[in-house]
Amino acid sequence: MIYNDQLEKQICKQRVRASIGKIEAQRKKPKYKCLVNGCSEFAIGSHSQQMGGQLKVIAENNKVTCLRRNLYDLYQDDYNGKAKLQEQHISNVSVFPGYCNHHDTNVFWCIEKEPLTVHDTMQSATFFLRAISHEFAQKRTFFDANKKMINMCKNFFNPRYIQLVKQMQIGREKFLENDGLYYLKKASKSVTDGHQISTVWVQIDKVLPASICTVFSPYRTYDDKMENWLYGNPQVMCSFNLVPTDDSTHIVISWLVEHESECAWLYELESNNELLEATVNEITLCDSEDICFKPSFWESIDIFTKEDIISAFHHESARGPMPRIPMVLKI
């Protein structure tokens, strides 16, 4: 921010927070259309993780521990650049403006109302669609919020910072116009044509204290991602759903069949428990902002491991490679 003294500094912060308050309020309004092609209804607050299912399983007093997603945090005096976790009611967790009430109920019926069956074609495709839909909707919401922030607050920030945000916005816009729409179309088609995707589905006989719905790159290092970057084409992307139930946990990973060669190593997860555990922890901690923990589990983790986990939540381009991934989820 640009200011000459403490008074001007405080005034700038107050104006920025007031502007962000307006932006946050607008984010909660149903302003997006349903993601189903041709539907003109407004999207409701869909859940990327079933509230009465997987979230209920790990909740305590109907609350889970998850990442805060609040622009206000960026402008607090004590903000140190680190991610923050807090307990939230499951009705407010993993919510995204994806589908209208009709399609939210009907599209995801098979994974919310029917028992999960390992390698069920329809359920695999539906988990894939949910993860892709969540990624698209979250990026769209964040892109629009940052666009408003630039317009409303640009006079209160250093021009170099505004330029940096604009550059990041270009990447988000390209994802929404290219990768996002491409994957949405493919994922939607996979629900009626199961041959569009491949899936690794492992069910373990224990209830993990975490739940997640996200996407990730099969290239596991930053150098590999850059080396295999597809300029002008959609990047290779997989879905990852960690779904605890009353007596077990389902790990469901899917990708488009056209990316079979890039994702072939994932099949080993079905027979290699050591690799499975390492991969589950890495993706859970390093590839998502949609992670939810059982509150007592999070509190049981020692402070040093918590610091490693919080560091892992940040993008690799900002934190650098992780020298060690905390193995907190035991398979």
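The values are calculated or read from the model by the stated rules, or taken from the named source; none is laboratory data. In this text the structure is predicted, and so the values were computed from the model without any measurement. All Cβ positions, glycine included, derive from the backbone under ideal geometry; neighbour counts span all protein chains shown. Surface accessibility is based on the protein's heavy atoms, side chains included, excluding ligands, DNA and RNA. Shrake-Rupley method; radii C 1.70, N 1.55, O 1.52, S 1.80 Å.
Screening the candidates THR279, THR199, THR249 for the property of being farther than 30 Å from SER91 by Cβ and at pLDDT 95 or above yields one hit, THR279. Residue count for segment 179-202 under the criterion of being out of contact with any Asp or Glu (no Cβ under 9 Å at 6 or more places or on another chain), buried (at least 22 other Cβ atoms within 10 Å of the Cβ), of a type outside the set (S, T, N, Q) and part of a helix (DSSP H, G or I): the result is 1.
Residues that are under 23 Å from GLU177 (Cα atoms) and of a type outside the set (Phe, Trp, Tyr) within segment 202-226 comprise CYS213, THR214, VAL215, SER217, PRO218, LYS225, MET226, listed in sequence order. Taken over segment 203-227, the residue count meeting the criterion of being under 21 Å from the mean Cα position of the chain (by Cα) and in a strand (DSSP E or B) is 7. Here segment 244-266 is the region considered, the condition is being open to solvent by less than 10 Å² (accessible area, probe 1.4 Å) and either out of contact with any strand residue (DSSP E or B) (no Cβ under 7 Å at 6 or more places or on another chain) or of a type in the set (Val, Ile, Thr) (or both), and the residue that is nearest to VAL57 (Cα to Cα) is THR249. Only one of the numbered conditions (1) in a helix (DSSP H, G or I); (2) within 21 Å of the chain's Cα centre (by Cα); (3) at pLDDT 95 or above is not met by LEU176, and that is (3).
Quick check, is ALA59 in contact with a helix residue (DSSP H, G or I) (Cβ under 6 Å, 6 or more places away or on another chain), crowded, with 20+ Cβ neighbours inside 10 Å, at pLDDT 90 or above and of a type in the set (Gly, Ala, Ser)?
Numbers: in contact with a helix residue (DSSP H, G or I) (Cβ under 6 Å, 6 or more places away or on another chain): yes; crowded, with 20+ Cβ neighbours inside 10 Å: yes; at pLDDT 90 or above: yes; of a type in the set (Gly, Ala, Ser): yes.
Considered against the rule, which asks whether it is in contact with a helix residue (DSSP H, G or I) (Cβ under 6 Å, 6 or more places away or on another chain), crowded, with 20+ Cβ neighbours inside 10 Å, at pLDDT 90 or above and of a type in the set (Gly, Ala, Ser), ALA59 comes out as yes.
Residues that are farther than 30 Å from PRO115 by Cα and either aromatic (Phe, Trp, Tyr) or in contact with a strand residue (DSSP E or B) (Cβ under 9 Å, 6 or more places away or on another chain) (or both): does segment 203-222 have at least one? Within segment 203-222 (the criterion being farther than 30 Å from PRO115 by Cα and either aromatic (Phe, Trp, Tyr) or in contact with a strand residue (DSSP E or B) (Cβ under 9 Å, 6 or more places away or on another chain) (or both)), the answer is yes, since at least one residue qualifies. Residues that are at pLDDT 95 or above, over 15 Å from ARG130 (Cβ atoms) and among the hydroxyl-bearing types (Ser, Thr, Tyr) are absent from segment 218-239 altogether. Going by the conditions given, is LYS154 over 30 Å from SER300 (Cα atoms) and modelled with pLDDT of 95 or more? Against the criterion (over 30 Å from SER300 (Cα atoms) and modelled with pLDDT of 95 or more), LYS154 does not qualify.
Each residue in segment 289-324 was checked for being assigned to a loop (DSSP other than H, G, I, E, B) and either at pLDDT 95 or above or surrounded by fewer than 21 Cβ atoms within 10 Å (Cβ to Cβ) (or both), and 12 of them qualify.
Only a single criterion out of (1) modelled with pLDDT of 95 or more; (2) not in a strand (DSSP E or B) is not satisfied by ILE162, namely (1). Annotation: of all residues in segment 110-141 being surrounded by fewer than 18 Cβ atoms within 10 Å (Cβ to Cβ) and of a type in the set (Val, Ile, Thr), the one that is nearest to the chain's Cα centre (by Cα) is THR141.
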